[in-house]
Amino acid sequence: MKKRIAVLASGRGSNFQAVIEEIKQGKIPATCVALITDNPGAYAIIRAEKAGIPVTIVDYSSYSSRELYERALFSVMQRDDADLFVLAGYMRILGNAIVRSFSGKIMNIHPALLPSFTGLHAQRQALNHGVKVSGCTVHFVDENLDGGPIILQRCVAVQDGDDEDTLAERILKHEHECLPEAIRLFCEGKLEIIGRTVRIL
Ligand code: GRF
């Protein structure tokens, strides 16, 4: 049985594209039923259109408060009736009402080895801290910023002379493998959440 997945993205959408490709190749037993974006200018919209994936724009700037935006987003997410929501470069913090009602059904990709360097500019934070190793993390979403149970992580060595862009580019290559893999495991029913730990069956 194929799972229904919906992707939330705010920008370029290269992780979304990696997921589209793996679904197309039959590596993930899923149908992507929706792209949801808060940004009408997101390149992810073009990627969805090319792949024949329905797009819903919940334009953050057209709501007078965060609460009203969240309510609109919530009803779109309910409508999509997805088994899994994937945050692939979704650049906003999901409200607690959404997180609670889709508990265990939302995953996020973050460009650092969590719990280090949460929030924006994770690669810059890692360089500024002088770490020798960074990477990416796919995790379930809970009420804490980038804080939910970790599904997969990949390490990337920091090289002499790295700047934010070169490090981000090397991490991104791993993101493009890690995110589809985590989605595949979820869709195959191979992820079990036990407290803070995700067991891969
Ligand atoms: C990625 O680095 C992702 O980890 C972060 O935002 C970036 C999105 O890139 N959350 P893209 O839109 O998938 O190309």
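The values are calculated or read from the model by the stated rules, or taken from the named source; none is laboratory data. Predicted, not measured: the structure shown is a model, and the values here were computed from it. Ideal geometry is used to build each Cβ from the backbone, glycine not excepted, and the neighbour counts take in all protein chains shown. In case anyone asks, the SASA skips ligands and DNA or RNA and just uses the protein heavy atoms, side chains included. Shrake-Rupley method; radii C 1.70, N 1.55, O 1.52, S 1.80 Å.
When you restrict to C-alpha pairs under 8 Å that are six or more residues apart and normalise by the size of the chain, the relative contact order lands at 20 percent. Look at the dipole of the chain built from charges on Cβ: of Gly95, Pro111, Phe140, the Cα furthest out on the positive end belongs to Phe140. Computed over the chain, the range of Cα coordinates on each principal axis works out to 47, 42, 36 Å, biggest value leading. Applying a DSSP loop filter and a limit of 15 other Cβ atoms within 10 Å to the trypsin sites (Lys or Arg not before Pro) in the stretch 4-63 leaves Arg12, Lys27. Each other residue within a Cβ distance under 10 Å of Tyr63 adds +1 if Lys or Arg and -1 if Asp or Glu, for a net charge of -2.
Most tightly packed first, judged by the mean number of other beta-carbon atoms within 10 Å of their residues, the peptides 160-171, 178-189, 120-131 read 178-189, 120-131, 160-171.
Across the cross-link table entries Lys27/Lys132; Lys2/Lys173; Lys105/Lys173, which are compared at the Cα atoms, the separations over 28 Å belong to Lys27/Lys132.
With the full set of protein chains in place, find how many percent of the accessible area of the chain is carbon and sulfur; take the probe as 1.4 Å. Don't skip to the answer; put the middle values down first.
Values: 4990 of 9920 Å².
Using a 1.4 Å probe with all protein chains present, the chain comes out at 50 percent carbon and sulfur.
Among Ser101, Ser64, Ser116, the residue with the largest mean-square fluctuation in a Gaussian network model of the chain, with springs joining Cα atoms closer than 10 Å, is Ser64.
Within the listed set Ala42, Ala34, Ala112, the Gaussian network model of the chain (springs between alpha-carbon atoms below 10 Å) gives the highest mean-square fluctuation for Ala42.
Mind putting a number on the dipole of the chain about its Cα centre? Charges go on the C-beta only, +1 for Lys and Arg and -1 for Asp and Glu, and I need it in Debye to the nearest 20.
Values: 23 positive and 24 negative charges, 108 e Å.
In total the dipole reaches around 520 debye.
Computed extension length for Ser116-Leu201: 28.0 nm, one decimal, from 0.36 nm per residue of separation with the Cα-Cα distance subtracted.
Nearest 500 deg cm²/dmol is fine: what mean residue ellipticity at 222 nm does the chain get from its DSSP H runs of n ≥ 4 alone, each adding -39,500 (n - 2.57), divided by its residue count?
Working: 6 runs with 73 residues, N = 201.
Dividing the helical sum by the residues of the chain leaves -11500 deg cm²/dmol.
Could you tell me whether the stretch 64-178 comes out rounded, prolate or oblate from its Cα gyration tensor? Rule is a ≥ b ≥ c as square roots of the eigenvalues, rounded for a/c under 1.5, then prolate if a/b exceeds b/c, otherwise oblate. Prolate is the answer for the stretch 64-178, as a/c is 1.5 or above and a/b outweighs b/c. About its Cα centre, the dipole of the stretch 11-114 is roughly 120 debye, where the only charges are +1 on Lys and Arg Cβ and -1 on Asp and Glu Cβ.
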